[in-house]
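Colleague: Below is the structure I would like to discuss, written out as structure tokens.
The values are calculated or read from the model by the stated rules, or taken from the named source; none is laboratory data. For clarity, every value in this text was computed on a predicted model and none was experimentally measured. No Cβ is skipped: glycine too gets one built from the backbone with ideal geometry, and neighbour counts run over all protein chains shown. Heads up: the accessible areas ignore ligands, DNA and RNA and are worked out on the full protein's heavy atoms, side chains in. Shrake-Rupley method; radii C 1.70, N 1.55, O 1.52, S 1.80 Å.
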Amino acid sequence: MSTKILLVEDEESIRKFVKINLERDHYTVFEAGTGEDGVEIARREEPDIVVLDIMLPGIDGFEVCQILRKEFPNLGIIMLTAKAEDYDKIMGLQYGTDDYLTKPFNPTELTLRIKSLERRLEQGDPVKNNAGLINHPPFRLDTYGRKFFKDEKELELTPTEYHIMKNFMENPGKALKRDEILNLVWGEDFVGDSKIVDVNIRRLRSKVEENPAKPVYIETVWGLGYRWHIDQDE
């Protein structure tokens, strides 16, 4: 079964062009020209990935992202922005997008971003993974069900957050460079800004830390990257 992609873009010419290119790569593509239509189609068709423009008539891409992330936590979301400014990129990531792409973009680059996101989604697919639990009290990662728990309470993670967390918990105590996290999570063919790592780490800290301003578990290794800290006695 082909991956289902929902394209939410108000400019019909862009929408049609992108759809043709994605269908050429054997994706099933649904279209929406407004945020409201995008939410309705997502609820009806349950796509695997949404390619979402920020500037939309009616509710904008940020609000659509919030709605979809809440209703479909495992959904892959790539946000499109017409601006090269960091603000839109960071805002999108904070709202729960997995990746972003600045217009104008090469359709080949979009396809590469989608394939990278597909790999992350597949790594969270219980059908394509061996059952297994990683226990670092008070945390537990269920790699079969793609679930993450703290004190036995499930925390909702985006596909990207889950994959970062999985790499941390598989490498406790190891300092992971930003570029290393980029390659592990986004893939070696990722051509975006490494700041995407820092934004996702901030979002993860807001979920796993008691005080995100003073992280205990996701430590910063200055000038290098990040390290997952656990009590070695556990």
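Colleague: What number of residues within region 147-170 satisfy the criterion of being at pLDDT below 90, over 14 Å from the mean Cα position of the chain (by Cα) and under 22 Å from GLN66 (Cβ atoms)?
Modeller: 1
Colleague: Count, please, the residues in region 185-202 that happen to be assigned to a helix (DSSP H, G or I) and surrounded by 17 or more Cβ atoms within 10 Å (Cβ to Cβ). Step through it out loud before you land on a result.
Modeller: Applying the first criterion (assigned to a helix (DSSP H, G or I)) to region 185-202 yields 185, 195-202.
With the extra rule that they be surrounded by 17 or more Cβ atoms within 10 Å (Cβ to Cβ), the set shrinks to 185, 196-201.
Within region 185-202, residues that are assigned to a helix (DSSP H, G or I) and surrounded by 17 or more Cβ atoms within 10 Å (Cβ to Cβ) number 7.
Colleague: May I ask you to verify whether GLY173 is modelled with pLDDT under 90 and either more than 19 Å from LEU141 (Cα to Cα) or open to solvent by less than 60 Å² (accessible area, probe 1.4 Å) (or both)?
Modeller: So GLY173 does not fit the description; no.
Colleague: Looking at (1) touching a residue at least 60 places away in the same chain (Cβ under 8 Å); (2) open to solvent by less than 70 Å² (accessible area, probe 1.4 Å); (3) at negative phi; (4) not aliphatic (A, V, I, L, M), which is the one condition that is false for GLU156?
Modeller: (2)
Colleague: Oh, and also: How many of the residues making up region 12-24 are among the charged types (D, E, K, R) and surrounded by fewer than 16 Cβ atoms within 10 Å (Cβ to Cβ)?
Modeller: Total satisfying the criteria: 4.
Colleague: It is to be established whether one or more residues within region 5-12 are modelled with pLDDT of 90 or more, part of a strand (DSSP E or B) and touching a Lys or Arg at 6+ places or on another chain (Cβ under 8 Å).
Modeller: yes
Colleague: Does ILE164 satisfy the criteria of being open to solvent by less than 50 Å² (accessible area, probe 1.4 Å), part of a helix (DSSP H, G or I) and not charged (D, E, K, R)?
Modeller: Working: open to solvent by less than 50 Å² (accessible area, probe 1.4 Å): yes; part of a helix (DSSP H, G or I): yes; not charged (D, E, K, R): yes.
Spelling it out, ILE164 is indeed open to solvent by less than 50 Å² (accessible area, probe 1.4 Å), part of a helix (DSSP H, G or I) and not charged (D, E, K, R).
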